[in-house]
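Below: the structure, in structure tokens.
The values are calculated or read from the model by the stated rules, or taken from the named source; none is laboratory data. Since we're looking at a predicted model, the values are computed, not measured. Positions of Cβ are generated from backbone atoms using ideal geometry, with glycine treated the same way; all protein chains shown enter the neighbour counts.
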Amino acid sequence: NMSIEEKKERIRQIKQQLGNRLFITGHHYQRDEVIEFADATGDSLQLAQLSKANREAEYIVFCGVHFMAETADMLTEDHQHVILPDLKAGCSMADMADIDQTEHAWIELQKVYGDTILPLTYVNSTAAIKAFCGRNGGATVTSSNAKAMVQWAFTQKQRLLFLPDQHLGRNTAYELGIPLKEMAIWDPIARELICEGPIEDVKVILWKGHCSVHEKFTVAQIDQLRNTSPKTNIIVHPECTFDVVQAADLNGSTHYIIETIKNAPAGTSWAVGTEMNLVNRLAQQFPDKDVFSLNSTMCPCLTMNRIDLDHLLWSLEEIVEGRLHYPITVDKQTTDEGNLALKRMLERV
Ligand code: 13P
Ligand code: SF4
């Protein structure tokens, strides 16, 4: 029964005690009380790059979700331990593509398209899916580099399978000039390919996954705002649906959203379609601008929010006591194959 201030003081003490042996990362969607103690904050690409660059920290306490901690474990050295303060901090989108479903889809798609497909996976996926992409010549992408990576994929093969977020895949391909009728959806539950146009014209096969946080932004919310507040700029994350991205003024990764609002003139108004903690923090950081969520019910990512002051403090106390909760370790073969996919991305961005 420590007070919040006592807990914060204890975290500061432990950070001082462990010095460079400890590195705390915080994704932009984390709570303020966690971000306060992060040695580095960033979007998923930045956190992947920072984990790779850090060669000295023995303990990387990853304040984000499970797939990010797995990525950090794959990119760091054997003597470095990656810790996720709450094992329940998963990602429902990453869970929408499991490896058995993916291997099955691959076999079925090859029956139709032969060896003409390259797999790309959004980093929001399990280590096993990254390994699948790695061993099949493909790569990972993040929302910051999806366009460049899709362009690269087409230098390798005629078509691509994009896992697991249909919206990021569709939005990115459309911006690169690929019409919707040349995109198909692979439904892993029905185990079938759904396409509107001729099957042979398909260039992009989208996995039927989505982010339940970003799907809560709607065109109706945008229409209402256009009526009530026509000067407000609408900026959304590309995990939002195609219709929402088309109706918005701007779309991009969390990093892009932050930079755009930071550089916007004072007095401008911004409705933001992404996770609540980030939107609230932007509103606090830039009080000279009017920044608010596009959805008035706010849209928290419940799994990101599982990591709080108590979980952070607990995982740090465990480190001090010589125990690790929860270590995230990816086996060697998955790491080696997953790193092929990550490397193909990291050397291009
Ligand atoms: P970025 O950090 O790449 O913008 O992705 C957002 C997200 O949903 C992370 O889970
Ligand atoms: Fe996953 Fe969506 Fe949460 Fe990101 S915001 S961690 S994609 S559920």
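So which residues in region 50-66 are buried (at least 24 other Cβ atoms within 10 Å of the Cβ) and either modelled with pLDDT under 95 or within 16 Å of ligand 1 (Cβ to nearest atom) (or both), if there are any at all?
Ser51, Phe62, Cys63, Gly64, Val65
Output the residues belonging to region 53-82 that are more than 16 Å from ligand 2 (Cβ to nearest atom) and under 17 Å from the mean Cα position of the chain (by Cα).
Asp73, Met74, Leu75
So that you can scan it fast, the table gives a plain yes or no per residue for (1) of a type outside the set (Val, Ile, Thr); (2) in the same structural domain as Tyr59 (by TED's automatic domain parsing); (3) in contact (Cβ under 8 Å) with a residue 12 or more places away in the chain; (4) part of a helix (DSSP H, G or I):
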residue: Val245; (1), (2), (3), (4): no, no, yes, yes
residue: His255; (1), (2), (3), (4): yes, no, yes, yes
residue: Ala264; (1), (2), (3), (4): yes, no, yes, no
residue: Ala271; (1), (2), (3), (4): yes, no, yes, no
residue: Leu312; (1), (2), (3), (4): yes, yes, yes, yes
residue: Arg348; (1), (2), (3), (4): yes, no, yes, no
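Of everything in region 157-177, what is of a type in the set (A, V, I, L, M) and surrounded by fewer than 18 Cβ atoms within 10 Å (Cβ to Cβ)? Give them in sequence order. Write out each step before concluding.
Our first condition is that a residue be of a type in the set (A, V, I, L, M); within region 157-177, this holds for 160-161, 163, 168, 173, 176.
Leu176 - this is the single residue of region 157-177 that is of a type in the set (A, V, I, L, M) and surrounded by fewer than 18 Cβ atoms within 10 Å (Cβ to Cβ).
Of the residues Ala139, Ala148, which single one is touching a residue at least 12 places away in the same chain (Cβ under 8 Å), surrounded by fewer than 22 Cβ atoms within 10 Å (Cβ to Cβ) and within 16 Å of ligand 1 (Cβ to nearest atom)?
Criteria check complete, one pass: Ala148.
Considering (1) modelled with pLDDT of 95 or more; (2) surrounded by fewer than 24 Cβ atoms within 10 Å (Cβ to Cβ), say which one Ala97 fails and leave the rest.
Failing condition for Ala97: (2).
Report yes if Thr297 is within 16 Å of ligand 1 (Cβ to nearest atom), under 23 Å from the mean Cα position of the chain (by Cα) and farther than 26 Å from Asn1 by Cβ, otherwise no. Spell out how you get there, then give the answer.
Details: within 16 Å of ligand 1 (Cβ to nearest atom): no; under 23 Å from the mean Cα position of the chain (by Cα): yes; farther than 26 Å from Asn1 by Cβ: yes.
Judged against the criteria, Thr297 is not a match.
Of all residues in region 253-265, which are surrounded by 20 or more Cβ atoms within 10 Å (Cβ to Cβ), within 18 Å of Gln49 (Cβ to Cβ) and within 15 Å of ligand 2 (Cβ to nearest atom)?
First pass over region 253-265, keeping only residues surrounded by 20 or more Cβ atoms within 10 Å (Cβ to Cβ): 253-254, 257-258, 261.
Add one more test, that the residue is within 18 Å of Gln49 (Cβ to Cβ), and what stays is 253-254, 258.
Within region 253-265, Ser253, Thr254 meet the criteria.
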